[in-house]
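Just below is one structure, and these are the notes that go with it.
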Amino acid sequence: MENNNQKLSKSTQLYYKQLITERFIDNPRMSLLFDNKRKNFKKNVFNLVNYCFTIALKLDGVFIARNKKTIVLFYEKNKFKKTLGDHFNYLKVVKGILLSNILKVLKNEKVVKKHQLKLDNFIYVWFIAQQKGYGGLDGLNEINKMLIKISKTSELPILFETSDNKLLNLYNHVGFKVYKELKGGEKTIYFLSNINSIKQKTSTQHHV
């Protein structure tokens, strides 16, 4: 994996965790996980980001663009292993979910996994975030080029989901295709991959 930030200071890590949190507090999937009407909603989203960031950093899956305003968290499926500390961080995430909402959350995550491509191994993108108010595409383009480079070198496809249809044209431009759309409520989850450009066997055939 490619990681340009193995020696991030704690203060720098905190800065980017907060950046990602700020960008995802309006994400409908966050509202599903944690009730956005609760006082500690933002803290719960931060705990999830912290959990993902900590694991991604250990797996060489944190990449910050040269503009210092854009970041991606990702990991390779077959290298994903939780430590005791990771389980502790995950417990913090679970505590933020209302008991009355747990079944709904589990059902939603099960549905998402059901529609993901069935692959032996792949690169999964957790978060791509950019500082609020920054409208440049340089950071997103740099991150996409980096991910494509890793994908071609490792011969592993990249999988991720997004609810932001404004970015679909950009993703399509750099080689990612929507292979599934999952409609629910006011938002649609788009499943994307560059599987067509990577030699990878799937156990199940999917069609757009």
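Worth a mention:
- Qualifying positions in segment 53-89 - closer than 19 Å to I20 by Cβ and small (G, A, S): A56, G61, A65
- All helices (runs of 4 or more DSSP H) inside segment 3-60 with 2 or more residues being at pLDDT 85 or above and more than 11 Å from G96 (Cβ to Cβ): 10-24, 41-58
- Residues in segment 70-107 that are acidic (D, E) and either at positive phi or part of a helix (DSSP H, G or I) (or both): D86 only.
- Residue within segment 103-115 that is closer than 24 Å to K149 by Cα and without any contact (Cβ under 8 Å) to a residue 40 or more places away in the chain present: no
- Meets criteria (within 17 Å of W126 (Cα to Cα) and of a type in the set (S, T, Y)) for T83: no
- Restricting attention to segment 138-186, the residues that are out of contact with any Leu (no Cβ under 6 Å at 6 or more places or on another chain) and either among the small types (G, A, S) or assigned to a loop (DSSP other than H, G, I, E, B) (or both) add up to 13.
- No other residue among Y90, Y134 is touching a Phe, Trp or Tyr at 6+ places or on another chain (Cβ under 9 Å), aromatic (F, W, Y) and surrounded by fewer than 18 Cβ atoms within 10 Å (Cβ to Cβ) apart from Y90.
- Within segment 6-62, the set of residues being more than 23 Å from Y190 (Cα to Cα), aromatic (F, W, Y) and buried (at least 17 other Cβ atoms within 10 Å of the Cβ) comprises Y16, F41, F46, Y51.
- A single entry from N172, N101, N141 fulfils the requirement of being more than 20 Å from F41 (Cα to Cα) and at pLDDT below 85: N172.
- Any chance V111 is under 23 Å from F122 (Cβ atoms) and hydrophobic (A, V, I, L, M, F, W, C): yes
Results for (1) in contact with a helix residue (DSSP H, G or I) (Cβ under 9 Å, 6 or more places away or on another chain); (2) of a type in the set (A, V, I, L, M), shown as yes or no for each residue.
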position	(1), (2)
K7	no, no
K17	yes, no
V49	yes, yes
A56	no, yes
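- Flag for E76 being surrounded by fewer than 16 Cβ atoms within 10 Å (Cβ to Cβ), acidic (D, E) and under 19 Å from the mean Cα position of the chain (by Cα): no
- Residues in segment 116-130 that are over 16 Å from the mean Cα position of the chain (by Cα) and not in a strand (DSSP E or B): K118, D120, N121.
- Neighbours by Cβ (under 8 Å, 6+ apart or cross-chain): first from segment 131-151, touching a residue at least 12 places away in the same chain (Cβ under 8 Å); second crowded, with 19+ Cβ neighbours inside 10 Å and of a type in the set (D, E): none
The values are calculated or read from the model by the stated rules, or taken from the named source; none is laboratory data. Because the structure is a prediction, the values reported are computed rather than measured. Glycine gets a Cβ as well: all are built from the backbone with ideal geometry, and neighbour counts include every protein chain shown.
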